[in-house]
Every structure is written in structure tokens, then in C-alpha cells.
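Notes for the one structure printed next.
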Amino acid sequence: MPDMQFFGKNIMKKGTVFTPEAFQYNTDFLFSEIMAPGGTGLDLQTQLNTRDYTMPIIFITGAEDTTSVVQAMKLGAVDFLAKPVDNEKMIRIITDAVESDIQARAQYAQLVAAKKKITRLTAREREVLELVVKGLQNKQIAHRLGISIKTVKAHRGHVMHKVEANSVTDLVRLSEIAVEAPIPT
């Protein structure tokens with residue numbers, strides 16, 4: 001295999017200097033030599049990480065360099081291949097990496113959507129949501145929050161409307177998704 005870097009469908013031959021600025025953000029994956037043109041592949045990976053752009057990165061090397069392998073994996077590389085590379089193995093690794101990335105992006109999109117919905121709620125509505133999700137009845141929520149049952153029902157109705165939920169099950173799912181990270185206040 002000739003020395004080159006793969007960027008999804010884009011291919012850059014050895015000697016081409018690659019920088020994040022030249023990167024097209026619709027790329028599916030990065031397949032790069034650890035000692036890439038214009039710097040190391042690890043330098044490039046670090047630059048992409050500092051710009052909060054993630055994609056599957058697979059490194060290739062002709063030398064056994066445990067330090068680089070460990071560093072690449074800590075920075076988020078999905079795999080590391082030694083030359084000569086078996087083409088079938090390379091295709092399997094790239095396919096798996098892209099499929100995993102698609103799933104991760106879908107989960108992240110769900111997380112962002114769930115958080116966005118929850119940020120629509122007032123602090124009191126969030127309290128009611130938390131108690132509904134825990135399985136408390138309106139009477140129990142009213143007692144715990146020191147408000148009337150009628151007020152609980154009103155807050156609960158607002159919660160259902162604002163987060164576009166049709167049932168308590170929808171609220172539970174939304175809460176489970178949003179728990180992945182802190183909810184903005």
C-alpha cells in the first residue's frame with residue numbers, strides 16, 4: 001500500500017501537508033500514518049481534539065512504537081495497524097469504526113435534544129419531573145413540595161407539553177437520556 005492519508009472519501013498522497021484548516025468536516029474517518037506529512041498523526045489528532053471535532057481515527061505505522069500506540073489510544077484513536085496492513089482487516093476496522101461513530105453521533109443527538117427539551121422547564125417543573133419519574137403520585141408530589149394537587153397537575157401538564165411527552169413512559173425515557181450529562185440550568 002502506498003503511503004497516504006485517507007479522509008473518508010478524500011485521499012491525500014504522501015508529502016501533502018494536512019492541517020485541520022484544510023479538513024472538510026463531512027469526513028467519515030481519518031486513516032493516517034503515525035508519522036504524517038507536516039507533523040505527526042498524533043499532532044493532527046491533538047489539533048482536531050482541541051477543536052472538539054471527533055471522528056474515528058485509525059493510525060498505521062511501520063515501526064513498533066508502544067509509546068505512540070498508547071498516546072494515540074488515549075487521544076481517542078479507534079485502532080492502530082502495523083505495516084504491512086492486511087486489506088481485509090483494514091476494511092473491517094474502518095467499517096466498524098464508521099458504524100460505531102454513526103451510533104455515537106445518533107446517541108449524542110438524542111442527548112442534545114433531551115437536554116434542550118429539559119432546559120425549557122422552570123426549576124419547579126424540573127422538580128415535578130424528577131418526582132414523577134421516581135414514580136410519585138400527584139398527592140405525594142404535592143405533599144413533598146408543599147403545594148396543592150391542582151398546582152402539581154398544572155406543572156405536570158406544562159412539563160408534558162414543553163418536553164413533547166405523551167406519557168409518563170416518555171418522561172422516563174427523556175430523563176434517562178438526559179442523565180448522560182448534567183442538565184443546564
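The condition of being more than 27 Å from the chain's Cα centre (by Cα), surrounded by 12 or more Cβ atoms within 10 Å (Cβ to Cβ) and over 30 Å from Ile58 (Cα atoms) holds for only one of Lys117, Lys153, Lys139, that being Lys153.
Among residues of segment 167-180 being surrounded by 12 or more Cβ atoms within 10 Å (Cβ to Cβ) and in a loop (DSSP other than H, G, I, E, B), the one that is modelled with the highest pLDDT is Val179.
Does any residue of segment 127-138 turn out to be closer than 30 Å to Phe29 by Cα and not hydroxyl-bearing (Ser, Thr, Tyr)? Scanning segment 127-138 turns up no residue that is closer than 30 Å to Phe29 by Cα and not hydroxyl-bearing (Ser, Thr, Tyr). Applying a threshold of 6 Å to beta carbon distances and a minimum spacing of six or more residues, or different chains, the list of pairs starting in segment 71-99 at a residue that is outside the structural domain of Asp28 (by TED's automatic domain parsing) and ending at one that is among the acidic types (Asp, Glu) reads Ile93/Asp79; Val98/Asp28.
Would you check if there is a residue in segment 55-71 being in a strand (DSSP E or B), at pLDDT below 80 and either within 24 Å of the chain's Cα centre (by Cα) or of a type in the set (D, E, K, R) (or both)? No: zero hits.
Take segment 163-177 and flag every residue that is charged (D, E, K, R) and within 23 Å of Lys139 (Cβ to Cβ). Walk me through it before giving the result.
Restricting attention to segment 163-177, the residues satisfying the condition of being charged (D, E, K, R) are 164, 170, 173, 176.
Within segment 163-177, Asp170 is the sole residue that qualifies.
Scanning segment 51-83 for residues that are touching a Pro at 6+ places or on another chain (Cβ under 9 Å) and over 15 Å from Ala97 (Cβ atoms) turns up Arg51, Tyr53, Gly62.
The values are calculated or read from the model by the stated rules, or taken from the named source; none is laboratory data. Bear in mind the structure is a predicted one, so any value in this text is a computation, not a measurement. Quick reminder, even Gly has a Cβ in these numbers, built from the backbone with ideal geometry, and neighbours come from all protein chains shown.
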